[in-house]
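Visitor: The structure is given below, and queries will be raised subsequently.
The values are calculated or read from the model by the stated rules, or taken from the named source; none is laboratory data. Please read these numbers as outputs of a predicted model, since none were measured by experiment. Counting neighbours? That spans all protein chains shown, and the Cβs are built from the backbone with ideal geometry, glycine included. Surface areas here come from the heavy atoms of the whole protein model, side chains and all, with no ligands, DNA or RNA. Shrake-Rupley method; radii C 1.70, N 1.55, O 1.52, S 1.80 Å.
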Amino acid sequence: MRRGMETSAPNQDHHLVRRLGPLDATMIVVGSMIGSGIFITSAESSRLAGAPGWLILAWVVAGVMTMTGALCCSELAAMMPRAGGVYVFLREAYGPALGFLFGWTLFLVIQTGTIAAVAIAFAKFTGVFAPSIASEHYLVRPIHLFGGYAVSLSTEQLVAIALIVLLTWANTRGLETGKRVQNTFTFAKTAALLTVIILGLSLGWKLESAARSADWWNSWRNGWDPRIAQPGLTVAGALALVLLFGKAMVGPLFAQTAWTNVTFLGSEVRDPGRNLSRALLGGCALVVVLYIAANLAYVAVLPFGEIQHAPQNRVSVAVMKALFGQPGALAMAAAIMISTFGCNNRLILAGARVYYAMARDGLFFQRTATINRHDVPAAALVAQAIWTVLLTLPRTVITDPATGAVTYGNVYTQLLEYIVSADLVFYGLLVVAVIVLRQKQTAAERPYRMWGYPLIPIISVVLAAFLIIALSGPAPTPSGIGYLFVLTGIPVYFLWNRRD
């Protein structure tokens with residue numbers, strides 16, 4: 001047996017405690033999914049899809065992927081309710097190397113990059129109320145490093161770092177503290193999203209809105225040009241529409257893929273055989289319905305062109321401004337601050353449990369396998385925070401070829417773009433793990449057996465494969481770089497093995 005694998009943690013006095021009930025677990029699922037994505041990603045998706053019908057369909061298909069994935073994951077979570085969740089499922093189905101690659105990629109960019117992105121989103125919307133908080137207000141001006149990269153410290157970055165540090169500290173104080181923060185903010189942001197939906201659907205439906213458009217499905221009649229939607233695209237016609245529809249699903253998928261985070265806390269959920277599956281299925285179903293309804297509200301209020309070109313992609317803010325003017329826009333900005341605050345608390349709370357589980361298997365820094373006096377993996381939380389803070393500092397350098405003007409982007413957004421296809425591969429492997437483990441562990445207790453087996457896993461894998469192909473076609477370079485990020489974990493895995 002490998003060092004630490006399914007053995008007690010290095011410190012025997014403290015251990016993870018099952019303190020999360022069914023409501024807490026469901027709130028983690030909902031809080032994981034509702035962040036800043038639903039409020040902004042529809043702008044980019046609408047530019048890629050070109051018509052309101054395709055925009056709504058992108059969210060519907062993403063919802064189908066979420067629900068089929070949740071059905072598969074529910075069986076695995078009930079069967080193996082352990083800290084680390086998906087990491088454990090992949091390890092048991094395919095071996096420790098593949099489990100490690102998932103955990104490594106999660107730490108390198110998926111979880112930490114998402115925390116950094118959501119923290120910056122929180123800071124951006126804080127800047128609506130405090131204009132001194134902005135990406136161009138520097139405490140340390142950009143220092144160019146190499147190629148198209150620099151580092152800086154702006155007031156916006158400082159607020160993001162402060163949020164990461166604050167929520168990490170709160171979660172080191174015990175699961176009860178993190179749980180209270182999570183539940184409070186999840187209720188608040190769900191209410192905010194419901195408000196947008198109700199107001200949009202009841203007060204919208206303008207004659208000039210996208211919902212009234214005669215070109216509900218005809219992207220070309222809306223002025224859509226695949227060469228503009230995706231520069232460098234070499235195909236045209238229906239094939240271009242199919243490929244760009246796949247890319248239009250990236251935003252909707254990443255607005256809801258974090259539902260797996262509740263499995264990372266499998267060792268801390270009471271009656272996990274029942275509560276984990278109920279939380280996954282109930283929480284995912286609720287959010288999928290809310291997301292589709294929110295997009296119907298968007299097209300009920302705004303013309304399609306205004307959705308495509310909403311200022312800074314803030315579609316929900318544009319909706320509230322159209323309904324109530326500037327006060328509505330400010331109220332929406334405050335709601336998004338609440339949403340991003342709660343989302344980041346959940347991301348920080350859950351992610352550390354994966355690195356804790358990896359360390360117990362001897363595949364991460366051994367210190368992160370320890371539990372503090374509040375029965376939480378504080379060292380793993382701190383390690384996650386340090387790397388996340390570092391990800392907020394680098395900037396991409398963007399030079400306008402016509403004017404020579406220089407602007408700065410954020411590296412983590414680029415990293416997340418690179419990792420989309422790789423993350424879909426892990427999603428497909430998670431789904432197939434249900435089939436693999438039914439063959440490998442036939443006698444294992446399964447408190448929940450998924451409905452629709454094996455049709456549901458097949459549907460889910462086919463959708464994932466379509467998206468991987470669709471993303472690799474129009475933009476093969478980001479996908480290739482994403483796979484390289486995953487593959488960097490191979491030598492690291494062998495280095496950890498040599499320590500045994």
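Visitor: In debye, nearest 20, what is the charge dipole magnitude of the chain about its Cα centre with +1 on Lys and Arg Cβ and -1 on Asp and Glu Cβ, if you could check?
Guide: Numbers: 35 positive and 22 negative charges, 156 e Å.
Computed about the Cα centre, the dipole is about 740 debye.
Visitor: Taking the Cα centre of region 272-390 as origin, work out the dipole magnitude from +1 charges on Lys and Arg Cβ and -1 charges on Asp and Glu Cβ, in debye rounded to 20. Could you put the intermediate results ahead of the total?
Guide: Details: 9 positive and 3 negative charges, 64 e Å.
Charge dipole, region 272-390, about its Cα centre: 300 debye, nearest 20.
Visitor: Restricting things to alpha carbons, find the Rg to Rh ratio for region 106-180 using the Kirkwood radius for Rh.
Guide: Values: Rg = 14.5 Å, Rh = 13.8 Å.
A ratio of 1.05.
Visitor: In nm, give the distance between the simple-model label positions of Y149 and V64, each being 7 Å from the Cα along the Cα-to-Cβ direction.
Guide: 4.0 nm
Visitor: Ranked from the most accessible area to the least, with a 1.4 Å probe and all protein chains present, what is the order of K179, K124, K321? Don't jump to the answer; show the numbers that get you there.
Guide: Working: K179 35, K124 70, K321 110 Å².
Largest accessible area first, the list is K321, K124, K179.
Visitor: Also, quick follow-up: What is the mean projected area of the alpha carbon convex hull for region 48-158, to one decimal in square nanometres? List each step's numbers first, then the result.
Guide: On the way: hull surface 46.6 nm².
Over every viewing direction, the Cα hull of region 48-158 projects on average to 11.6 nm².
Visitor: Can you give the local net charge around Y355? Use residues other than it whose beta-carbon is closer than 13 angstrom to its beta-carbon, Lys and Arg +1, Asp and Glu -1. Before the final figure, lay out each step's value.
Guide: On the way: positive: R353, R360, R367; negative: D361.
It works out to a net charge of +2.
Visitor: Next question. Are there DSSP H segments in the chain that both extend 20 Å or more along their axis (alpha-carbon positions) and score a mean Kyte-Doolittle hydropathy of at least 0.5? List them, or say none. Please report the intermediate quantities before stating the final value.
Guide: Numbers: long enough: 52-79 (41 Å, 1.49); 111-129 (28 Å, 1.29); 155-172 (26 Å, 1.36); 175-203 (41 Å, 0.80); 272-301 (43 Å, 1.31); 326-360 (52 Å, 0.73); 378-392 (21 Å, 1.83); 411-440 (42 Å, 1.31); 455-472 (26 Å, 2.84).
Qualifying helices: 52-79, 111-129, 155-172, 175-203, 272-301, 326-360, 378-392, 411-440, 455-472.
Visitor: Let me ask something additional. Divide the volume of the convex hull of the Cα atoms of region 347-422 by its number of residues and quote the answer in cubic angstrom per residue. Working shown, then result.
Guide: Working: hull volume 8.6 nm³, N = 76.
That works out to 113 Å³ per residue.
Visitor: Where the convex hull is taken over the Cα atoms of region 342-473, what is its projected area averaged over directions, in nm²? Intermediate values should be presented prior to the final figure.
Guide: Details: hull surface 52.3 nm².
One quarter of the hull surface, i.e. the mean projection, equals 13.1 nm².
Visitor: Quote the relative contact order of region 373-412 in percent (integer), defining contacts as alpha-carbon pairs under 8 Å separated by 6+ residues. Walk me through the intermediate numbers first.
Guide: Values: 27 pairs, mean separation 13.0, N = 40.
Here the relative contact order equals 32 percent.
Visitor: Which one, G328, A285, Q312, is farthest towards the positive end of the dipole of region 278-380 when Lys and Arg carry +1 and Asp and Glu -1 on their Cβ?
Guide: A285
Visitor: Which residue, chosen from V140, C343, A380, occupies the Cα position most advanced towards the positive end of the dipole of the chain, where the dipole is computed from +1 (Lys, Arg) and -1 (Asp, Glu) charges on Cβ about the Cα centre?
Guide: A380
Visitor: Right, next: Expressed as a rounded percentage, what relative contact order does region 108-228 have, with Cα pairs under 8 Å and six or more residues apart? It would help to have the intermediate numbers written out before the result.
Guide: Values: 77 pairs, mean separation 19.3, N = 121.
Computed value for region 108-228: 16 percent relative contact order.
Visitor: In addition: Pairs of alpha-carbon atoms within less than 8 angstrom and 6+ residues apart define the contacts here; what relative contact order does the chain have, in percent? Write down the numbers at each step before the final one.
Guide: Numbers: 914 pairs, mean separation 168.4, N = 500.
Once divided by the residue count of the chain, the mean separation gives 34 percent.
Visitor: Ordering S74, S267 by accessible area with a probe of 1.4 Å, largest first, what comes out?
Guide: Details: S74 0, S267 30 Å².
Ranked list, largest accessible area first: S267, S74.
Visitor: Another question, then. Sort 61-73, 306-318 by packing, meaning the average of other beta carbons within 10 Å per residue, with the highest value first. Show your work: numbers first, answer last.
Guide: Working: 61-73: 23.1, 306-318: 21.5.
Listed from highest to lowest mean packing, they are 61-73, 306-318.
Visitor: Dipole of the chain (Lys/Arg Cβ +1, Asp/Glu Cβ -1, origin at the Cα centre): which of F187, V151, S46 lies farthest to the positive side?
Guide: It is F187, whose Cα lies furthest towards the positive end.
Visitor: Shifting gears a bit: Too long at a 31 Å Cα-Cα cut-off: which of K189/K247; K179/K440; K189/K440; K247/K440; K179/K206?
Guide: Checking Cα-Cα distances, K179/K440; K189/K440; K247/K440; K179/K206 exceed 31 Å.
Visitor: Which one is right for this structure if volume of the Cα convex hull per residue in Å³ is calculated from it: (1) 148; (2) 174; (3) 265?
Guide: (1)
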